[in-house]
Amino acid sequence: MSDFWLYFTLGYQHVLGVGAYDHLLFLAVLSVSYGFSQWRRWSLLVSLFTLGHSISLAATHFFGLEANERIVEFLIPCTIIATAVYNIVQVLTKTRRDSVSFLGSLAFLFGLIHGLGFGRYFGLIEDQGSVMALIDFALGIEWAQLIIVFVVLVLSFVVERGFGVKKRDWVIAASVATIAATLPILLGQ
């Protein structure tokens, strides 16, 4: 059981750690346009991210798949910015659909890309080739992501209900702020 907590904690810290601001930005912009009542949609998006992350992590860890680190580090902020731009376009054109297919694809893609970037590190902390360690790690990631989404949903609720900011304006402001926070990551490549 101690191995479970070790890898669960590593997954949790991977998302909520000091250097994990890319996760935070992506999850914030992914979930900002949703509310608590839409839990099926945002939980699906979060799970698609975890699935993508786990698949590419497994591919790098168990099958030796290697990705160009510079390309991966460039693509991570691109997926964050693409999600923010999508939010803005959806709000401004009022064309938000019930489908999560585009955002789901972005979440899955971001997970794949980020897992590629993290595969070598995971190999250093888990050299036994254990599938259970990867599952425990993924559960820690999922838990941390749900915490971030919950915080974003509470913040959105407070901004919209407490301060009377329209959902449209809040989504635009949060998306623009996310783009502004992501550009230095992109330009630093």
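Please treat every number below as a calculation from the coordinates, not as lab data. Computed from a prediction, not measured in an experiment: that's the story for all the values here. Quick reminder, even Gly has a Cβ in these numbers, built from the backbone with ideal geometry, and neighbours come from all protein chains shown.
Structural remarks
- Build a GNM of the chain with springs between Cα atoms under 10 Å apart, and of G64, G52, G117 the one that fluctuates most is G64.
- Taking the range 2-187 and dividing mean pair separation by its residue count, relative contact order in percent (alpha carbons under 8 Å, at least six apart): 43
- Tilt relative to the chain, helix 21-31 - C-alpha long axis, 0 to 90 degrees, to 10: 50
- Among (1) 15.7, 47; (2) 16.7, 53; (3) 17.0, 58, the entry derived from the coordinates for Rg and Dmax of the Cα atoms in Å: (2)
- Cβ-based charge dipole, the chain, positive-most Cα from G52, T93, V151: T93
- 0 to 90° range, to nearest 10: angle between helix 2-16 axis and the chain longest Cα axis: 40
- Using only side-chain charges placed at the Cβ, +1 for Lys and Arg and -1 for Asp and Glu, the dipole size of the chain relative to its Cα centre rounds to 1020 debye.
- Between helix 69-93 and the chain: long-axis angle, C-alpha atoms, 0 to 90°, nearest 10: 20
- Global geometry of the range 1-54, whether rounded, prolate or oblate, following the gyration tensor of its Cα atoms and the 1.5 cut on a/c: prolate
- Choice from I135, I80, I71 showing the highest fluctuation, given a GNM over the chain with Cα pairs closer than 10 Å: I71
- Comparing S105, S175, S31 in a Gaussian network model of the chain (Cα springs below 10 Å), the most mobile by mean-square fluctuation is S105.
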